[in-house]
Every structure is written in C-alpha cells, then in structure tokens.
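Engineer: Starting off with a structure, shown below.
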C-alpha cells in the first residue's frame, strides 16, 4: 500500500465531509485519482483543465523571473548605484543583488495573490459543495505580473477577493465568467487606488517612499514619458524589446513574451489567431495615427502629438499590449470561440487598445480596458458569426432545391 | 402593529424585504446609482420619495374613479410632477446646499419607475388608506436600500459618514490612515453602486431561496 492508496482510502472514508473538496483539490493536484469512468463512450484526452493551466504557468515563469531581476535592476539603476545594462545579457542586469531585491518585493505579491485567491476558491467550493476548480491557477500567476511592484499587499488582497468573487464566482465559477478575473482585479485596483496604479512614482521599487525627499527617484513608464512629450532618457528600442524598462512586474520583456507565445502556440493552448489579430489591430490603429500626423492635421502643440507620432511598430514594444495579447486576450473562457470571431475579437482589442492609449491621457495603458470591453462583446461576436454561417448554408440549400 | 390589520401591515412590510422595489422588482435603479455616493443625499432622497409616493398614491386613489383610462398616464405624471416641484422648492428654500448637490435628481423623481409603477399597479385599483400604506411601504423599501448603499459607499469611498471623518484624516494620516489604509476610489464611481446593489440582491436571495427565479 503506497501513499497514493492511503490517500485514496482516506478520501473514500471521508466522502461525505464538508471539507472533502479541499482535500480532493490537493490530492488530484499531485496524483491522478483512482476512479475511472465506467461504461459508455468517453473521450480520452491528456489535456485536462489542470494541465492547460500548468502549461500557461510554465509560459509565464520566464516573465516572472525576469520581472524579479528587473525590479531590482530598475531600483538600483534609479539610485545610480549601477551602470545601465546594454542588451539582454548585460553584466549589470543578471546579478544576485537584483534578484534578491526583486524576489523580496515580487514574491510577496505572488504569495498574496495565490493565498487569497485560492482561499476564496476553497471557501466557495465548500459552501457550494463542488470540487475546487483550477481556474485560479493562471489568474493567480497573472496578477502579480500586471501590477506595479510597490503596490501595498492589502490592496492586492482586497482586489483579489473582489476579482474572484465579482469577476468569477457570482457567475458560477470557472468557465462561466464573462470577464477575465485577472483583468477585473487590475481594473479594480486601477479605479480604486489610482495613485498606486498610475503616474510616475509607482513603477520602480522605492520611488513612492522617496517622493519629496532629496533622494527622490523617478519611475516613469515609457508610455507616461511619451504622453508627456518628455525625453526618453536614452532608452533604446532594443532595451524596450529586451525589457530593461520600468513597468508592471512581468510585462516589460517583449522577448520573453514572444517566447512564451511560441510555447503556447506550439502546445496549442493559446490561440494564434487572437494573438496575431490583436497585433494587426494595434498596427493598423498605429498606422492611422501616423497618417494623421503625416497629413499635418495635428500639430506638435497638441497633447496627443507625443503618442500619435510614435512609429506604428513601436506601439508593440512600449506598452503591455504584447503581454495582453498573448496571456490575457487568449483566455479561452472569455474570448470568442469561433475562428472568424477570434479574428474580429483580437483585431478590435488591438485597435481599441492603441486608441485608448493615445486619446486618453488619464489611462496611459488601455490594453486592459480594451480586453475587458471585448470580453463583454465576445458572445455577441460569436452569435453573429454563427448566424451568418447558418444563413449562408440555408442560401446554398435553397439554390440546390431550386 | 395593533393599529393595522394583518393585511394592511403586509402592505408596509412586504416591500421592505421580500418584495423590495429595488432588489426584487429592480425598479428605481437609476437614482440608486446616481445619488448614493454619500449618505446624506441618500437619506434626503429617501425622504423625498417617501413624501411623493405617500401623497401621490393617496391623490391617485382619490381620483381613481374619475380618471379616464386613456389619459391616466398623463394625469399620473401631472400628480407626480406637482409633488416633485413641491419637494424641490422646499429643499431650495430650507437646504440650498443640499438641493445643489442633488441637482437634477430631485426633478428626476418624476421618472422614478417605482412611483409610476405603484400608481398603475396599486393606487388605481385600491382604496385611499390601503394606497397610502402601499406608497409608504414601497418608499421605505426603496429608502432602506438607498441608505445601505449610501452607507457603504461613503464609508469605504470617502472614509466619512455624514461628512464626519470616522476613519481618521487621510491628509494628516490619523486613525486607520496611519497604518496605510486608503480610501477606495472605485466606491465613489457609479458602477460600484450597481455592484453593491448586486451584492445585496445576492445576499437576500441566498437567504430566501423562494426569491430565486429561473
């Protein structure tokens, strides 16, 4: 009798206890359950929900680790203690000092996100008497990656409770939600505590507590700098691509996001249609804005000039649109389900993201708003795609009959 | 309630809980979103609607046999409008600052669906006393929700109640603010009112399963 058999017997013995879903969740996380389905036809597939979720988490881990290094790097760089690193393998980037400081600030975010979120999931599973659902695994990983590094932990906890309860559980749990829970959490933070979610103080560790002192350091994101028409302080395009810039914890490195995207496409977890169409949408909107600037409709005095005149392809590397396109928009529950719908859905996300980015200086990053908006419209898009298909087929039928 | 018969007291108590105009009938949502960012306007709004509903139901009930049914909506509108103007003028006369704060929303009581709904559904077919009770009951049911929502939104959104800083001073960092607490700006925005109402509906229906419809 191995450990697994003992655990199984334990489960059978306590089958009618209220807390058994909590036990089952941990049990099936480590082992395949002993029960098998009997009779009837059933589909055998290796990629259950848990494996799907774990694949996305694997794709996210490079971003998280890079985020830790970057948190430390940005802090020390702003203090002037280290030289700017050039290139992805720069000598001042991958150092122990950076990692230790980064881990010290980022790991609590991860722990709070998972602890609070899974706590809520367990409570709901026990109240409703169903098994704990795995849906939070990815959300819990995404949340620390899309918040500023210095966000107070209690705010994060409040937001996670809100996001999981309002964004997911009220609709009936994993698979039933309309909105992406991770983005619901970010939207809540953004509207509830705007001083901690935007501006030029929050993106570099230590900038908030130093504000107003002689040691003050600036922690502006590139988008903020563009929107203010200020100098970029010598940050090159390659730095943006490698991710050596201030920003939310995990979204800065476009390089690692692309690797994650390839991994998701290769494992067929993420939809390449959504990723591609989002990028196309963003590029089209960027081109339109470039056209407006070239036509001279907007002068340098306009407050939109800074972001409008950005070459269209640069929009992909200055904000978090790539991160949103790869990890957020592709959420299979809240995205469109039909192939044609995915193209429309993704295109509009990219299109609207850049529009919000340029036109609304109060929301320097519009990606999360655009994705939440399209989450709401995804079922509508699917409905019309299916209806148009039905109509076309009916027409064909009529032609044949006549 | 010894004063009222069992049937009559039901008229008042029902809308307070199991037939609440906001959480069960989902009427009057617009004003519940608009003016509940602070507790004081919520209470003033609740009292105003109480007055309009009570008196309006009585007036309509008195006239119910002489209103031609083709133009009854117009007659009802005139009754509400008259009463709302009275409320508006009284507020302007005695509490100008508050009337500024509530601005257009006092005028918009006219369009509050609860009022027209009760006129149509109850006052047109019932006696004066019962109509009066029904009006009071529904206005109270409406007011209770308004006050609950206003309480939470003001407490969590601005850290105050009736303008008193009950959680400490956010600028000078006293009370809760000393340990890093911050006001939740989302609470002040209208979407949060919708979510708070939604939470009340959730709690109410999970306590009383009979209210859940398919």
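The values are calculated or read from the model by the stated rules, or taken from the named source; none is laboratory data. Worth saying up front: this structure is predicted, and the values here are computed from it rather than measured. Every residue, glycine as well, gets a Cβ built from its backbone with ideal geometry; the counts of neighbours run over all protein chains shown.
Engineer: When you go through A:383, A:315 one by one, which is the residue that is free of Cβ contacts under 8 Å to residues at least 12 places away in the same chain and outside the structural domain of residue A:244 (by TED's automatic domain parsing)? Outline the logic, then answer.
Structural biologist: On the way: A:315 fails: free of Cβ contacts under 8 Å to residues at least 12 places away in the same chain.
After applying the criteria, what remains is A:383.
Engineer: Follow-up question, since we're still on this one. When you scan the stretch B:84-189 for helices (runs of 4 or more DSSP H) that lie fully inside it, which ones turn up with 2 or more residues that are more than 14 Å from chain A (Cβ to nearest Cβ) and under 25 Å from residue A:194 (Cβ atoms)? Let's see the steps before the verdict.
Structural biologist: Details: elements: B:96-102, B:104-107, B:113-121, B:128-158, B:185-188.
Qualifying helices (runs of 4 or more DSSP H): B:128-158.
To keep it simple, each residue is scored yes or no on (1) within 30 Å of residue A:23 (Cα to Cα); (2) in contact (Cβ under 8 Å) with a residue 12 or more places away in the chain; (3) crowded, with 16+ Cβ neighbours inside 10 Å.
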{"residue": "A:83", "(1), (2), (3)": "no, no, no"}
{"residue": "A:87", "(1), (2), (3)": "no, yes, no"}
{"residue": "A:99", "(1), (2), (3)": "no, yes, yes"}
{"residue": "A:125", "(1), (2), (3)": "yes, yes, yes"}
{"residue": "A:133", "(1), (2), (3)": "yes, yes, yes"}
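Engineer: Do we find that residue B:153 is surrounded by fewer than 21 Cβ atoms within 10 Å (Cβ to Cβ) and touching a helix residue (DSSP H, G or I) at 6+ places or on another chain (Cβ under 9 Å) in this structure? Can you show your working first?
Structural biologist: On the way: surrounded by fewer than 21 Cβ atoms within 10 Å (Cβ to Cβ): no; touching a helix residue (DSSP H, G or I) at 6+ places or on another chain (Cβ under 9 Å): yes.
Answer is no for this residue.
Residue by residue, here is whether (1) surrounded by fewer than 24 Cβ atoms within 10 Å (Cβ to Cβ); (2) in the same structural domain as residue A:313 (by TED's automatic domain parsing); (3) modelled with pLDDT of 80 or more holds:
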residue	(1), (2), (3)
A:174	yes, no, no
A:180	no, no, yes
A:185	no, no, yes
A:198	yes, no, no
A:203	no, no, no
A:228	yes, no, no
A:246	no, no, yes
A:250	no, no, yes
A:258	yes, no, yes
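Matching residues to (1) touching a strand residue (DSSP E or B) at 6+ places or on another chain (Cβ under 6 Å); (2) more than 10 Å from chain B (Cβ to nearest Cβ); (3) without any contact (Cβ under 8 Å) to a residue 60 or more places away in the chain:
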{"position": "A:166", "(1), (2), (3)": "no, no, yes"}
{"position": "A:171", "(1), (2), (3)": "no, yes, yes"}
{"position": "A:174", "(1), (2), (3)": "no, yes, no"}
{"position": "A:183", "(1), (2), (3)": "no, yes, no"}
{"position": "A:191", "(1), (2), (3)": "no, no, yes"}
{"position": "A:198", "(1), (2), (3)": "no, yes, no"}
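Engineer: Go through (1) away from chain B (no Cβ under 14 Å); (2) surrounded by fewer than 20 Cβ atoms within 10 Å (Cβ to Cβ) one by one and return the number of the condition residue A:68 breaks.
Structural biologist: So the condition that residue A:68 fails would be (2).
Engineer: Answer with yes or no whether residue A:296 is surrounded by fewer than 17 Cβ atoms within 10 Å (Cβ to Cβ), over 22 Å from the mean Cα position of the chain (by Cα) and on the phi > 0 side of the Ramachandran plot.
Structural biologist: Spelling it out, residue A:296 is indeed surrounded by fewer than 17 Cβ atoms within 10 Å (Cβ to Cβ), over 22 Å from the mean Cα position of the chain (by Cα) and on the phi > 0 side of the Ramachandran plot.
Engineer: Another question, if that's okay. Quick one: is residue A:149 part of a loop (DSSP other than H, G, I, E, B) and more than 11 Å from the chain's Cα centre (by Cα)?
Structural biologist: The answer is yes for residue A:149.
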